[in-house]
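Novice: Starting off with a structure, shown below.
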Amino acid sequence: MKIQLQAAFSLIELLTTILVLAILVSIAAPSMSEWVQRERNNSHMNELLSGIRFARASAITRNGTVSVCAGVVVCADKSDWKSNVMVFADGNNNGEMDEGDELLRMFSISHLYHWNWSNFRGKAYLSFKPNGMTHSMNGTFTLCDGSKEVSRAVINTAGRLRVESTAAANPC
């Protein structure tokens, strides 16, 4: 008569394997959450940069003024941009979405974030002239996660953008 041996793991081997996996997961989890947060911040920054670059390119190709502001139907008169951002052909160069102005693009900002727009002229909008330059509106967009500064996008009067990282978590 043949005796069949069972091939299986003992309870000790199984518990040891689970313990090793738990240690590996506890080491990897904090790195993963930091990576997810960093990618979320990059996604928000890239969306704003894309909208601004689109506005500048549209001003050049349309040979007319294109403005960017926060708002849904009309521009909010605030430098603290929350919820939606509009890019529109600004026929009368006033930085307002008026009747007859064409909405070119709209994108939303997560409720967890907001943009602070500070510029030389103190306007709540950004406008590009037909040559791609701003209307003397060099300034800084600061991405804020709650009350903490995450990163900055700086625009000069020529309409060129550069991104700056923040070394410390400055308050917004």
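Novice: Can you say whether Arg162 is among the basic types (Lys, Arg) and outside any loop (DSSP other than H, G, I, E, B), as far as the supplied structure shows?
Specialist: Against the criterion (among the basic types (Lys, Arg) and outside any loop (DSSP other than H, G, I, E, B)), Arg162 qualifies.
Novice: Which condition breaks for Ala55 when tested against (1) under 20 Å from Lys129 (Cα atoms); (2) surrounded by fewer than 12 Cβ atoms within 10 Å (Cβ to Cβ); (3) of a type outside the set (Asp, Glu)?
Specialist: Here Ala55 clears every test but (2).
Novice: Take the residues in region 60-92 that are part of a loop (DSSP other than H, G, I, E, B) and without any contact (Cβ under 8 Å) to a residue 40 or more places away in the chain; name whichever of them is surrounded by the most Cβ atoms within 10 Å (Cβ to Cβ).
Specialist: This residue is Asp90.
Novice: To continue, here is another question. Go through (1) closer than 16 Å to Phe88 by Cα; (2) at pLDDT below 85 one by one and return the number of the condition Met32 breaks.
Specialist: (1)
Novice: Let me ask something else. Here's a check for you: in region 118-172, which residue that is free of Cβ contacts under 8 Å to residues at least 24 places away in the same chain and of a type in the set (A, V, I, L, M) is surrounded by the most Cβ atoms within 10 Å (Cβ to Cβ)?
Specialist: Result: Met137.
Novice: Now for a separate question. Which of the residues belonging to region 93-117 are loosely packed, with under 13 Cβ neighbours inside 10 Å and among the hydroxyl-bearing types (Ser, Thr, Tyr)?
Specialist: Listed by number, the list holds a single entry, Ser108.
Novice: Okay, moving on. Kindly indicate which of Arg162, Arg121, Arg105 is closer than 20 Å to Lys82 by Cβ and among the charged types (D, E, K, R).
Specialist: Checking each option against the conditions leaves just Arg105.
Novice: From the residues in region 93-129 that are assigned to a loop (DSSP other than H, G, I, E, B) and within 20 Å of the chain's Cα centre (by Cα), which one is farthest from Val150 (Cα to Cα)?
Specialist: Ala124
Novice: Which residues, counting only those in region 6-29, are of a type outside the set (A, V, I, L, M, F, W, C) and at pLDDT 85 or above?
Specialist: Selection gives Glu13, Thr16, Thr17.
The values are calculated or read from the model by the stated rules, or taken from the named source; none is laboratory data. Bear in mind that the values here come from a model prediction, so they are computed numbers and not experimental data. Glycine gets a Cβ as well: all are built from the backbone with ideal geometry, and neighbour counts include every protein chain shown.
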